[in-house]
Amino acid sequence: MDNNAGSQDCLRTQDCTLSAPPHTHNLGLLRQGLMRTAQRRGTATAMATTVEDEVEAPEPGDGPRLGFVGAGMMATAMVNGIVASKVTEPDNVFVSAPHRSSLDRFAKLGVRTSDINLEVASGSDVVVVAVKPDVVPAVLREIAPHLRKDALVVSIAAGIPLAVLEQLAPGKRVVRVMPNTPCLVSEGATGFSMGSLATDEDRDTVHALMGAVGLAVEVKEALLDGLTGVSGSGPAYIYVLIEALADGGVRMGLPRAMAIRLAAQTVKGAAEMVLETGEHPAVLKDNVCSPGGLTIAAIESLEKNGFRSAAMQAVIAVASKSIEMRNAEEEKRTK
Ligand SMILES: NC(=O)c1ccc[n+]([C@@H]2O[C@H](COP(=O)([O-])OP(=O)(O)OC[C@H]3O[C@@H](n4cnc5c(N)ncnc54)[C@H](OP(=O)(O)O)[C@@H]3O)[C@@H](O)[C@H]2O)c1
């Protein structure tokens, strides 16, 4: 048995929980999951705390309400993907950030915006915390008392463990999610881990929500560091690869724009081959390397220049940094 076989099995049997491609059953699932959340809201609203009563959120349309605290790169990708997938009405999505300039691009989508986090916190069934990791503690401390009783908290922050999130939002159901920016074009790759109070229904909700904008995989929390290295930060490595391939093309005389399009389509096509055939990448690589041919000469050059090792080290560098951040947060928590 070689090393490849295990990976191939994983691709084929889908060892872990994988979502179907977007625009299929996930939309129904998401709607169901989010509608259940919305139905529960009836009772949740009745039990609202006095603090919630103090913060008056504008009334959205009927249906489940998704809140985003933070309006940066990742919130933009997720909200655009969610709106494009039609998983909920745009006016059921509510985004907050301190600067109006960051919120303008959301308003154009028909999404509601506010520079007051508490409006989002008190007006949402699912609250996505989409700020930088170092801002998460302050934001969660600010919003936690204002969350609806039945609200689900979803953190997308790298390196902030579930135990810390649960301590910052006591008594709340929490899910830790690691998405990536291709959610913007419904081709995201997301891992998520369930908090200690999160329910099967929450799993369905998050799986469907993230499945609507790409692939969603549930993993044990300990695996989120490695997953961040592969898919969370992964798009950046692929952009470098596309740019480098295009540079090679330009060096050989291709016009820049054409070289970039060819390189990007080649990455997309190769990725589709892996996902659709279920073949191990090594098999697909072997298939295109004829003896004494052009492509094997390129592979030799990549190996000589440490391409494979560089890619592995990139993943390990991100995972190590994520572990470092996680340990520092854990240490603060236990002090
Ligand atoms: N970018 C990625 O590829 C990626 C991938 C996976 C996970 N993540 C995670 O996603 C999270 C967000 O990353 P990002 O790349 O989207 O960061 P970003 O582009 O820097 O956006 C951060 C956002 O947080 C807002 N913010 C800052 N302080 C705030 C506060 N007190 N209350 C409410 N909002 C506040 C900022 O508002 P202003 O715009 O008004 O300043 C900004 O909109 C991070 O925790 C990161 O680990 C990112």
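The values are calculated or read from the model by the stated rules, or taken from the named source; none is laboratory data. This is a predicted model, so every value here is computed, not measured. Neighbour counts are summed over all protein chains in view; Cβ atoms, including those assigned to glycine, are modelled from backbone coordinates with ideal geometry. Calculation scope for accessible area: heavy atoms of the full protein, side chains included, ligands and nucleic acids excluded. Shrake-Rupley method; radii C 1.70, N 1.55, O 1.52, S 1.80 Å.
The table below gives the values:
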| quantity | calculated |
| --- | --- |
| Per-pair calculated FRET efficiency, R0 = 30 Å: N305 and V267 via Cβ, rounded to 0.05 | 0.95 |
| Cα gyration tensor shape of segment 90-175, rounded if a/c is under 1.5, else prolate or oblate by comparing a/b with b/c | prolate |
| Listed residue pairs exceeding 27 Å between alpha carbons, taken from K108/K149; K172/K332; K132/K332 | K108/K149 |
| Cα centroid of segment 181-212 to Cα centroid of segment 106-137, whole Å | 17 Å |
| Beta bridge orientation in segment 55-211: antiparallel %, DSSP, nearest 5 | 15 percent |
| Packing-based ranking, highest mean first, of 306-316, 78-88 given that Cβ atoms within 10 Å are counted | 78-88, 306-316 |
| Volume in Å³ per residue [convex hull over Cα atoms, computed for segment 213-335] | 151 Å³ |
| Relative counts (whole %) of C-alpha pair distances in segment 144-265, using bins that are 5 Å wide | 2, 11, 18, 17, 14, 11, 8, 6, 5, 4, 2, 1, 0 |
| Whole-number Å³ per residue for the convex hull built on Cα positions in segment 70-118 | 62 Å³ |
| Efficiency of FRET between K108 and E142 - r from beta-carbon atoms, R0 35 angstrom, step 0.05 | 0.85 |
| Inter-site label distance for A282 and R333 at 7 Å from Cα along Cβ, in nm | 3.8 nm |
| Average accessible area per residue (Å²) across segment 196-335 - probe 1.4 Å, nucleic acids and ligands excluded | 63 Å² |
| Three-way shape label, segment 58-216, alpha-carbon gyration tensor, a/c 1.5 | rounded |
| Efficiency of FRET between Q167 and D247 - r from beta-carbon atoms, R0 56 angstrom, step 0.05 | 0.75 |
